[in-house]
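Colleague: This is the structure I have questions about; it appears just below.
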Amino acid sequence: MPTLLADAGTGSGDPDLGLLKAVNSLAADAPGWLDSLVAWTAEYGILLGLAAIGLTAWLVARRRPDAPVAVAGVLWAPIAVALAELANLPISAIVNRPRPFVDHPEIDVLVPGKEDTLSFVSDHSAMSMGIAVALFLVNRKLGAAAGALALLQGFCRLFVGVHYPTDVLGGYALATAVVLLLAPIAMAVLVPLCHALSRTALRPLVVAAPAGPARAGRRRGRGIAEPVAGPGRARRRAERPEDGSDLAA
């Protein structure tokens, strides 16, 4: 079957292949433990880190004054990633680009079992950037942290030899387009949904319970009781002579 990008990177002066080889060559000079660490990070580690950032974003969003809107924005992140992955299925089939090590055996492959899968676009890159862009719309600091992980993901995919740079860029572009183009439609559905959930037994998933008022009320209650008793004791002490003359009488 003909492929749109089957011959990409075959020329010696091709920048796509050249950048891949430049990054992948670092694996040959690195110790084995570092190669294993980068391979695990490329496959699982960064995605776990992004999941932790997403969980943090949800916890923060629940405490915002506009909690239902903020939580809806956080909820859009995994939904957008799922849609980007679905969109990639026909794109990957149409482009039909083999993994770089299939056409270039000199590539040092650190993640086995990819021979029968396609290269364009990078699923890992799309997932990472989709989460980053969606979270950035809700929380810029957490979104920027997720964006840094997404960029690291792209580097790791080249380091382990399973993607061309254009595969990574394609994943970034696909995820960004899905998140931004479909966000208005998604929020039009998710915001009312989160508002509705906030009026049900699932409210804690959308709005965090106030942490302080109940305990503060108990502290204030104890504080009020003490001054009432205090002045009485003070008056009784004032009425008793300090020198013990009442006992002498």
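Colleague: Quick one: which of 127, 187 is under 20 Å from residue 83 (Cα atoms), touching a Leu at 6+ places or on another chain (Cβ under 7 Å) and open to solvent by 40 Å² or more (accessible area, probe 1.4 Å)?
Modeller: Details: 187 fails: touching a Leu at 6+ places or on another chain (Cβ under 7 Å).
Answer to the selection: 127.
Colleague: Also: Of the residues 185, 107, 94, which single one is in contact with a Pro (Cβ under 7 Å, 6 or more places away or on another chain) and β-branched (Val, Ile, Thr)?
Modeller: On the way: 185 fails: in contact with a Pro (Cβ under 7 Å, 6 or more places away or on another chain); 94 fails: in contact with a Pro (Cβ under 7 Å, 6 or more places away or on another chain).
The match here is 107.
Colleague: Determine, yes or no, whether residue 89 is farther than 19 Å from residue 193 by Cβ and either under 16 Å from the mean Cα position of the chain (by Cα) or polar (S, T, N, Q) (or both).
Modeller: Here the answer is no, as residue 89 does not meet what is asked.
Colleague: Checking the conditions here, which among 158, 169 is in a helix (DSSP H, G or I) and either surrounded by fewer than 20 Cβ atoms within 10 Å (Cβ to Cβ) or within 19 Å of the chain's Cα centre (by Cα) (or both)?
Modeller: 169
Colleague: Moving to a separate point now. Name the residue, out of 15, 65, that is open to solvent by 60 Å² or more (accessible area, probe 1.4 Å), out of contact with any helix residue (DSSP H, G or I) (no Cβ under 9 Å at 6 or more places or on another chain) and at pLDDT below 95.
Modeller: 65
Colleague: Quick check, is residue 46 closer than 20 Å to residue 114 by Cβ, open to solvent by less than 70 Å² (accessible area, probe 1.4 Å), at pLDDT 95 or above and not in a loop (DSSP other than H, G, I, E, B)?
Modeller: Answer is yes for this residue.
Colleague: Turning to a different aspect of this structure: Could you say whether any residue in the stretch 75-82 is within 30 Å of residue 199 (Cα to Cα), small (Gly, Ala, Ser), open to solvent by less than 40 Å² (accessible area, probe 1.4 Å) and in a helix (DSSP H, G or I)?
Modeller: Taking every residue of the stretch 75-82 in turn, at least one turns out to be within 30 Å of residue 199 (Cα to Cα), small (Gly, Ala, Ser), open to solvent by less than 40 Å² (accessible area, probe 1.4 Å) and in a helix (DSSP H, G or I).
Okay, residues lined up against (1) under 17 Å from the mean Cα position of the chain (by Cα); (2) within 27 Å of residue 15 (Cα to Cα); (3) open to solvent by 10 Å² or more (accessible area, probe 1.4 Å):
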{"position": "123", "(1), (2), (3)": "yes, yes, yes"}
{"position": "136", "(1), (2), (3)": "yes, no, yes"}
{"position": "142", "(1), (2), (3)": "yes, no, yes"}
{"position": "174", "(1), (2), (3)": "no, yes, yes"}
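The values are calculated or read from the model by the stated rules, or taken from the named source; none is laboratory data. Given the structure is predicted, the values throughout are model-derived calculations rather than measurements. Every residue, glycine among them, receives a Cβ derived from its backbone with ideal geometry; neighbour counts consider all protein chains shown. Just so you know, the surface numbers come from the protein's heavy atoms only, side chains and all, with ligands and any DNA or RNA stripped out. Shrake-Rupley method; radii C 1.70, N 1.55, O 1.52, S 1.80 Å.
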